[in-house]
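The values are calculated or read from the model by the stated rules, or taken from the named source; none is laboratory data. The structure displayed is predicted, hence computed values, not measured ones. Methodologically, a virtual Cβ is constructed for each residue, glycine included, from the backbone with ideal geometry; neighbour enumeration extends over all protein chains shown. Surface accessibility is based on the protein's heavy atoms, side chains included, excluding ligands, DNA and RNA. Shrake-Rupley method; radii C 1.70, N 1.55, O 1.52, S 1.80 Å.
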Amino acid sequence: MTMEEYVHAKTSLALAESLDYTARPAETLEELSVNLDYADALHRAVTLWREQGVVVFPALVPVDKVEQLRRKVSEAMEAKATVDRTSNIRNPSFRSLRALGVEQSSEALDVIAAKLGEFLDEALQDRRQLVLEHAAYRIRPGAAQQEFHRDDSVIDSRMMSIQVSLVDTLAEQGAFEVQPATHHGDALLAPEALRVSLSIAVPEGSVMVYSPNVLHRGRGNEHHLERTIMTMTLMGQHGLVPNGIPLASLPEDEASWYLARGLLNPNSSRRAHVECMGEDSDANKVGIE
């Protein structure tokens, strides 16, 4: 079955009902990876999302778009006037998290929307995905290893965290580490000693998507090179915005963008309302501060 046939067959509910939520955790990075050139790529990606809580699309973003993102990330890290959420990171020393303008990264986001559009529709159970967060994240040499955790206050399965690797990343370079198939709650967890932990060591341009509810952490950076990524949070438009730590998003970008039909789209009515009311109005809040 091709990706197009899968979508048109509308098998989402049937697939969800047939999944084994006590599926064996993936034991290798290869098991979590999806090559979009394969005919069963969409089915495989959606199954991994639902059963493992994490999917990796190696080298998805072209080199020229990665270079553009690297420049934007560097500018965001050096800018004086920006939204800085570093203090919200676990073990924040030698780590930085700063909001990144969505419009600045529009070309790369269009690539992600185009290549992953059908997957996002199925995974987030909606044809429109709201951009809640868009940020630059840097892990410098010396960053300490975090404890395994779930992201605060996220209870809705229609939410997804995304990381785009902007450098070739080794495991000891502060790589993301995940315990697959731990996103369905503590009731189904194996004892900690028996859980599988995988480091997402991937080439630049790779895109990793994961459930905020899957157990994960940032490894310590024992390498001499920093790890830099673009990170964002998506939510199906009918999902529930979490009431927890503030998201890394510029004021003008809050509730102002969504992915649909393989494109990044501005929320025209929201942007017009903010321009009318002013950036400091309550219209600029998304319920997380």
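With the requirement that a residue be in a loop (DSSP other than H, G, I, E, B), open to solvent by 20 Å² or more (accessible area, probe 1.4 Å) and in contact with a strand residue (DSSP E or B) (Cβ under 6 Å, 6 or more places away or on another chain), what does the range 198-224 give you? Talk me through it step by step, then tell me what you get.
Looking only at the range 198-224, we keep the residues that are in a loop (DSSP other than H, G, I, E, B), and these are 200-206, 211-214, 219-220, 222-224.
When the remaining residues are screened for being open to solvent by 20 Å² or more (accessible area, probe 1.4 Å), the result is 201, 203-204, 213, 219, 222-224.
If the condition is that a residue be in a loop (DSSP other than H, G, I, E, B), open to solvent by 20 Å² or more (accessible area, probe 1.4 Å) and in contact with a strand residue (DSSP E or B) (Cβ under 6 Å, 6 or more places away or on another chain), then Glu204, Arg219, His223 are the ones that fit.
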Test Ala99 against the criterion of being crowded, with 20+ Cβ neighbours inside 10 Å and either farther than 19 Å from Val56 by Cα or under 13 Å from the mean Cα position of the chain (by Cα) (or both), and give yes or no. yes
Could you say whether any residue in the range 181-197 is in contact (Cβ under 8 Å) with a residue 60 or more places away in the chain, outside any helix (DSSP H, G or I), closer than 16 Å to Phe148 by Cα and open to solvent by less than 20 Å² (accessible area, probe 1.4 Å)? yes
Which pairs do you get when a residue that is in contact (Cβ under 8 Å) with a residue 60 or more places away in the chain and open to solvent by less than 40 Å² (accessible area, probe 1.4 Å), found in the range 236-247, comes within reach of a residue that is in a loop (DSSP other than H, G, I, E, B) and of a type in the set (A, V, I, L, M), reach meaning Cβ atoms under 7 angstrom, with the pair 6+ apart or on two chains? Gly236/Leu124; Pro242/Val154; Pro242/Ile288; Gly244/Ile288; Pro246/Ile288; Leu247/Ile288
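Just to check your reading of the model, which residue among Ser153, Ser157 is farther than 25 Å from Glu75 by Cβ, surrounded by fewer than 17 Cβ atoms within 10 Å (Cβ to Cβ) and modelled with pLDDT under 95? Steps first, answer last, please.
Numbers: Ser157 fails: surrounded by fewer than 17 Cβ atoms within 10 Å (Cβ to Cβ).
Just a single option satisfies the conditions, and that option is Ser153.
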List pairs: first in the range 122-134 and surrounded by fewer than 23 Cβ atoms within 10 Å (Cβ to Cβ), second at pLDDT 95 or above and among the hydroxyl-bearing types (Ser, Thr, Tyr), Cβ under 6 Å, 6+ apart or cross-chain? Arg128/Tyr258
